Amino acid sequence: MTDKLSPQQRSAVMSHIRSKHTRPELFVRKLVFALGYRYRLHVRRLPGCPDLVFRQRRKVIFVHGCFWHCHANCSIAHLPKSRVDFWKFKLEGNRTRDEENRVDLARTGWKVLTIWECQLRNVSHLERRLRNFLDEER
Ligand SMILES: [Zn+2]
């Protein structure tokens, strides 16, 4: 199967997908809010500018798009069919940065939970994970 979009169109689509307040992120925010937790958004002075920040608990949550963050062994993280090298380079860079951010956060005493886009399908499981993570004693 070939990519129906031109490289320019593909770039436009991808940069749109990439923007903040993505659908997976909004979904997780609503769920966390409904569970009764309060948080701050996109705290820039923390490594990786985490999506949800729970300052008192010293915990952060990242919501990662499977494509953009190169989710390993994930069916929705496939590379585009055109400009494969470009995307590979770019997406692997994202993954490396994610890892560095996680290490930096852990070193300064933050607990990190990463939620992947493909994990949003099972809401009750996700709820359990969120509660376990946020209620866990430090
Ligand atoms: Zn995934």
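Quick notes
- By other beta-carbon atoms within 10 Å, ranking 136, 127 with the fewest at the front produces 136, 127.
- Degrees, to the nearest 10: 23-34 long Cα axis against longest axis of the chain: 10
- With R₀ fixed at 41 Å, the C-beta to C-beta distance from residue 136 to residue 90 puts the FRET efficiency at about 0.75.
- Alpha-carbon centroids, region 47-63 and region 113-135: separation in whole Å: 15
- Estimated inter-spin distance, residue 34 and residue 56, nm [label 7 Å along Cα→Cβ]: 2.4
Laboratory data are not the source of any read-out in this text; all were calculated from the coordinates shown. Keep in mind that this is a model prediction, so the values were computed, not measured. FYI the Cβ positions are ideal-geometry reconstructions off the backbone, even for glycines, and counts take in every protein chain you see.
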